[in-house]
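Read through the structure below, which is laid out as structure tokens, and then see the notes.
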Amino acid sequence: MSTVTHAPLRAWIQGIGLIAPGMPDWPTARAVLAGEQAYVPAPSVLPVPSLLPTAERRRASRVIKLSLGLGLEAVAHAGADASTLATVFSASGADGHNCHALCEQLASDDRQVSPTRFHNSVHNAAAGYWGIATRCMAPCQVIGAFDASLGAGLLDAMAQVVCTNEPVLLVAYDSEYPQPLFAKRDTPDCAGVALLLTPQPSGQSLASIALRTTRAAAATLQDPGLEQLRQKVPALRSLPLLQRLAQRLAGPVVLDYLAPQQIELDVQPC
Amino acid sequence: MYPLLLSAYTLTTCLGQGLDAHRDALKSERSGLKRCDFESVTLDTWIGEVEGLNQVQLPEALARFDCRNNRLVQLGLEADGFAQKVRAASERYGADRVGVFLGTSTAGILQTELAYRQRDPVSGALPEGFDYGGTHNAFSLAAFAREYLGLEGMAMAVSTACSSSAKVFAAAARQIKLGTIDAAVVGGVDTLCLTTLYGFASLQLTSTLPCRPYDPERDGLSIGEGAGFGLLERADNATPGALLVLGVGESSDAHHMSAPHPEGLGARMAMDAALNSAGLGAGDIDYINLHGTATPANDAAEGLAVSTVFGDRVACNSTKGATGHTLGAAGAIEAVICALALTDGRMPGSPGTGSVDPALPLRYQRHSEAAPLRRALSNSFGFGGSNCSLILGVQA
């Protein structure tokens, strides 16, 4: 086994977006994670994608509302211009409801699927709608790594920040499948996190993070409700990082990635 | 960030398994397309099917990954001794220092389509043996390849529709450059399924004839399946004749989910970015493997973009008349076709293209021809407006 270690990938967090069951935005999540407010489970609330043209807005699925909402909250939090930002979208699956409807129809006698259903079935549908909504022509990477999707997204987004010396918006998100697929993949609800990462600090930076891979065990959360979210929603494997940011605690935190490899982030609040 | 050494590569498509089968087919301008007889599909269209997938057996320990897509992963990895070369790299660098970056559009969704036909009539449940994570999920091919090759490092699937396995080169290059890994398996695998066959038909993007890229009569694509793989390493010790990845350029159309920007603006930005990342000018490129899906709108948009960047000087064509459009695997497959063209000094032909659309002012290469080539560019553009251009070259 190799013992070579690499220099950590460093970036600054400039803005956060969060949507999760019982936590409709980052300010609510921050208060919960800082222990100022109890965690109360509730279905995720997805914002109306008002930035999309009318035709696209009508067709927007839950996963598109979710990812647009996450990205726009992080961009607004940072006071950034979405139309210029390179993006990394990371999700364990695409639009579960659309996939179910397609598979159901293809199993029937009438296989004439709707063109919209088909183009919404691509894993990068949310990223495509993001580009249309924000008029952003910058590069957009779309990643999936099943339960390790958050870690994979972080790895690529941080690498982009370091390689290009430009800000990158990471949007990590997951949505549920309806039955019968739900029995095989039990992601409970739509949820995710967006981080606007920058190569240099600014007066508005929330923290610096430095990423290394490790084999140490991932951090867990004390609150059983939050710990369940961390385990059930791949994008919310980020919760231990977000808790550190909410509590403004400096130090390392290990996030789940892909066994035996994990991700360690050294967090330094600004 | 560039160059990177492409120290091994291989491909498997309807033209056959491995490099030699493709060398012969591309030289003789053979097409692997046939009338669609896939599974229970009743569409009047043509497909590129890989032979022998039903006979592929996955190792028993990896049975949870068994589906058409992962069978093609294994068939593709075993071609040209590619898997052995990766295992040798893993010995050299360490199993956690070799990453896996694979592109796909639908992974093993066929397995879910079949499972939906076997739902319990009373409860509606899917069959017990159906494994979503191992087969359907976009990451299944990367997870399977990683375990099959005995790797323990980072892995990810890129899924940006038809640019997926071009964009894996960009993701892998970043990590090698930053030293988080020393080598990367890159590539793409997509297989025939009902979702893409009926889906593209619903958009009226499939042809009832073998596809005819850049032909004035072109009327749609032929869907194919295939696998393309490469092994990327640092290029410090590249010897003359070695294959190099010189640059990658990415952009987004921000225009429409399933139609390209009509003037190919996003495509142009991707090609410019690729040239920029390679430190090259348009005059340095000798051959372009076009995305060339053979739909009226796609070829028109790409043709305009290519002529804006390159004029009509650079020989270019689409090889999709030979392989069909292999969707998420097309980027990797066509990168390997460029590697073959560069090492063999021979441009591929363009079966299916009877004449070239006079509205698209390009130097379109209809026939295979010997030519000294030093640098090739490959275009891949996907739904959602995701664009990627790759530049490969030969070490002088």
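Readers should treat all values here as calculations from the given coordinates under stated rules, not as data from a laboratory. These numbers come from a predicted model, not from an experiment. Cβ placement follows ideal geometry from the backbone for every residue including glycine, while neighbour counts extend to all protein chains displayed.
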Sorted largest first, extent of segment A:1-82 alpha carbons per principal axis (Å)
53, 34, 31
Using the count of nearby Cβ atoms within 10 Å as a rough guide to exposure, how do B:D344, B:D182 rank from fewest to most?
B:D344, B:D182
Scoring only Lys, Arg, Asp and Glu (+1, +1, -1, -1) among other residues with Cβ under 14 Å from the Cβ of B:P348 yields 0
Cleavage-rule hits, GluC sites (Glu not before Pro), segment A:1-107, DSSP coil, Cβ neighbours within 10 Å at most 16
A:E36
GNM, chain B, Cα, under 10 Å: largest mean-square fluctuation among B:V56, B:V306, B:V336?
B:V56
Where Rh denotes the Kirkwood radius from the mean inverse Cα pair distance, what is Rg over Rh for segment A:157-220?
1.12
What GluC sites (Glu not before Pro) in segment B:135-241 are in a loop by DSSP, with at most 16 other Cβ atoms within 10 Å of the Cβ?
B:E217
Segment B:113-232: Rg to Rh, with Rh as the Kirkwood radius over Cα pairs:
1.06
Charge sum, other residues only, whose C-beta stays under 12 Å from B:S252's C-beta, Lys/Arg counted +1 and Asp/Glu -1
0
Calculated from DSSP helices alone, with each H run of at least 4 adding -39500 (n - 2.57) and the total divided by the residues of the protein assembly as shown, [θ]222 nm to the nearest 500 comes to -9500 deg cm²/dmol
Kindly give Rg over Rh for chain A, based on alpha-carbon atoms, with the Kirkwood expression for the hydrodynamic radius.
0.97
C-alpha center-to-center spacing [segment A:115-181, segment B:92-143] in angstrom
19 Å
Honestly segment B:24-66 on the Cα gyration tensor test (a ≥ b ≥ c root eigenvalues; a/c under 1.5 rounded, otherwise a/b vs b/c for prolate or oblate) is just oblate
Diagonalise the Cα gyration tensor of segment A:39-143 and give the resulting equivalent ellipsoid semi-axes, square root of 5 times each eigenvalue, largest first, whole Å.
26, 17, 13
Which values of log₁₀ I(q)/I(0), to two decimal places, follow from the Debye formula for segment B:214-355 at q = 0.09, 0.21 Å⁻¹ with a uniform point scatterer at every Cα?
-0.28, -1.63
Tell me the Rg and the Dmax, in Å, that the Cα atoms of the protein assembly as shown produce.
23.1, 72
Can you compute the equivalent ellipsoid semi-axes for chain B, i.e. the square root of 5 times each eigenvalue of the Cα gyration tensor, sorted largest first and rounded to whole Å?
30, 26, 18
I need the trypsin sites (Lys or Arg not before Pro) found in segment A:183-221, filtered to DSSP loop residues with at most 13 other beta carbons within 10 Å of theirs.
A:R215
State the answer as a single residue: which of B:A143, B:T208, B:T160 lies farthest towards the positive end of the charge dipole of segment B:120-272, with beta carbon charges of +1 for Lys and Arg and -1 for Asp and Glu, about the Cα centre.
B:T160
